[in-house]
1. Over the chain, what relative contact order in percent results from Cα pairs under 8 Å that are six or more residues apart?
2. About the Cα centre, and with charges only on the beta carbon of Lys, Arg (+1) and Asp, Glu (-1), how big is the dipole of the chain? Nearest 20 debye, please.
3. With every protein chain in place, what's the accessible area of T108 (1.4 Å probe, Å², nearest 10)?
4. Among M80, G32, L11, pick out the residue whose Cα is farthest towards the positive end of the charge dipole of the chain, where Lys and Arg carry +1 and Asp and Glu carry -1 on C-beta, about the Cα centre.
5. List the trypsin sites (Lys or Arg not before Pro) in region 1-92 that DSSP assigns to loop (not H, G, I, E or B) and whose Cβ has at most 16 other Cβ atoms within 10 Å. Which are they?
6. Ignoring ligands, DNA and RNA, please state the percent of accessible area on the chain from carbon and sulfur, probe 1.4 Å.
7. Suppose a student asked you for the relative contact order of region 61-109, using Cα pairs under 8 Å spaced at least 6 residues apart; what percent would you report?
8. Tell me, what is the per residue accessible area of the chain in Å², probe radius 1.4 Å?
Amino acid sequence: QVQLIEPGGGLVQDGGSLRLACTASINNYAMGWFRQPPGKERGFVAGISANGASVLYITSVEGRFTISNDSATNTLYLQMDTLRPEDTAMYYCAASAKIARDAVGVVTGHYDSWGQGTQVTVSS
């Protein structure tokens with residue numbers, strides 16, 4: 001069982017920044033960040049392939065969010081800049097052993113391990 005631990009999150013003003021971190025008990029997995037706004041389904045935000053060569057973002061966060069993976073500490077990061085109220089959600093990290101090493105998982109079904117989630121709230 002892969003364990004994913006997510007400290008971080010919090011309350012920030014419109015235009016502010018936050019960095020999320022997710023420490024994994026494994027390495028060399030494809031990793032991703034998802035978010036679930038209140039009353040909505042969980043959706044893909046950003047992902048990175050197991051070999052680190054490929055990253056993908058949803059359009060609404062491209063240029064504002066940066067995903068990275070520190071293989072030395074097995075820690076996945078999501079740097080979030082220029083935050084907007086519509087970024088408010090519960091954020092989850094996820095790991096996948098299912099997909100090819102050069103692929104990025106973009107749906108929940110691509111992932112088989114999940115963190116407990118951390119709340120991000122952006123006030124206007």
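The values are calculated or read from the model by the stated rules, or taken from the named source; none is laboratory data. Just so it is clear, the model here is predicted, and its values are computed rather than measured. We place every Cβ from the backbone using ideal geometry, glycine too, and count neighbours over all the protein chains shown. Heads up: the accessible areas ignore ligands, DNA and RNA and are worked out on the full protein's heavy atoms, side chains in. Shrake-Rupley method; radii C 1.70, N 1.55, O 1.52, S 1.80 Å.
1. Numbers: 334 pairs, mean separation 45.0, N = 124.
Rounded, it is 36 percent for the chain.
2. About 140 debye.
3. 60
4. Result: G32.
5. Numbers: sites: R19, R35, K40, R42, R64; in loops: K40, R42, R64.
When the trypsin sites (Lys or Arg not before Pro) of region 1-92 are filtered for loop state and at most 16 Cβ neighbours within 10 Å, K40, R64 remain.
6. Numbers: 2930 of 6100 Å².
About 48 percent, which is the carbon plus sulfur part of the accessible surface.
7. Details: 26 pairs, mean separation 11.4, N = 49.
Taking the mean separation of contacting Cα pairs over the length of region 61-109, I get 23 percent.
8. On the way: 6100 Å² over 124 residues.
Result: 49 Å² per residue.
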